[in-house]
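Please read the structure below before turning to the comments.
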Amino acid sequence: MKFFPLLILFLVINFGSLAIGSWLMGDGATSPWYTNLNKAPWTPPGWVFGAAWTLIMICFSVYLTYLFKDYKSPLLLSVFALQVVLNVAWNFLFFNQHLVLFALITIVLLTLVIFYFFFTFRMDAMNYWRYLLLPYMIWLCIATSLNLYVLLYN
């Protein structure tokens, strides 16, 4: 498949999964449950989340485009599908169901999946493109710490 159709496909899938996750989180960050939580002192302001996820999904989509263009396997497709499910599930578990422990387990698994992408698919053609995963990796580490804080201090 050519580059631009594949890029459009991944942008639609990735931003679509964010939209589904947002829909599943219900009132989310404006809910009384969330606003009354004892949040970590390093919790960023609300607008940062939207900006971060926009950058992350653009970088991730470009990365996936190069990866899938050069490397095709059922395992790769399965790992990507797992990433989508975990990303969507976290919003539902944390914000909608208030299952903070299960959300933490989910985000840790999601982090492991993204680190798996970074360390597994580093063949010559992907060696530099994998650095597009760094915003996702950093954000997941921050988000995991925020989730853990909520679990420990509420």
Checklist entry - How far is helix 134-153 tilted off the main Cα axis of the chain, in degrees rounded to 10, range 0 to 90? => result 20 degrees
Checklist entry - Which value in nm describes the separation of the simple spin-label points at THR120 and CYS141, placed 7 Å from the Cα toward the beta carbon? => result 2.1 nm
Checklist entry - How would you classify the stretch 48-117 from its alpha-carbon gyration tensor, with a ≥ b ≥ c the square roots of the eigenvalues: rounded for a/c under 1.5, else prolate if a/b is greater than b/c, otherwise oblate? => result oblate
Checklist entry - If each of LYS69 and VAL12 carries a label point 7 Å out from its Cα toward its Cβ, how far apart are those two points in nm? => result 1.9 nm
Checklist entry - Label points 7 Å out from Cα along the Cβ direction at ASP27 and LEU152: separation in nm? => result 2.9 nm
Next on the checklist: Counting heavy atoms of the protein chains only and a 1.4 Å probe, report the per residue accessible area for the chain as a whole number of Å².
Outcome noted: 54 Å²
Next on the checklist: Full-extension gain between TYR128 and LYS39, please, as 0.36 nm times their residue separation minus the C-alpha to C-alpha distance.
Outcome noted: 28.4 nm
Item to check | Leading residue at positive end of dipole, the stretch 3-153 (Cβ point charges), from THR65, THR111, LEU101 | outcome: THR65
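Which percent of the accessible heavy-atom area of the stretch 1-140 goes to carbon and sulfur, probe 1.4 angstrom?
For the stretch 1-140, the apolar C and S fraction of the accessible surface comes to 74 percent.
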Checklist outcome for this item: Answer in debye to the nearest 20: the dipole magnitude of the chain about its Cα centre, from +1 Lys/Arg and -1 Asp/Glu charges placed on Cβ, is 240 debye
Next on the checklist: With the alpha-carbon atoms as the only input, what is the per residue convex hull volume for the chain in Å³?
Outcome noted: 102 Å³
Next on the checklist: Taking the alpha-carbon distance from LYS2 and a cut-off under 18 Å, which lysines remain once sequence neighbours fewer than 8 residues away in the same chain are dropped?
Outcome noted: LYS69, LYS72
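The values are calculated or read from the model by the stated rules, or taken from the named source; none is laboratory data. In this text, all values refer to a predicted model and were calculated from it rather than measured experimentally. Quick reminder, even Gly has a Cβ in these numbers, built from the backbone with ideal geometry, and neighbours come from all protein chains shown. Heads up: the accessible areas ignore ligands, DNA and RNA and are worked out on the full protein's heavy atoms, side chains in. Shrake-Rupley method; radii C 1.70, N 1.55, O 1.52, S 1.80 Å.
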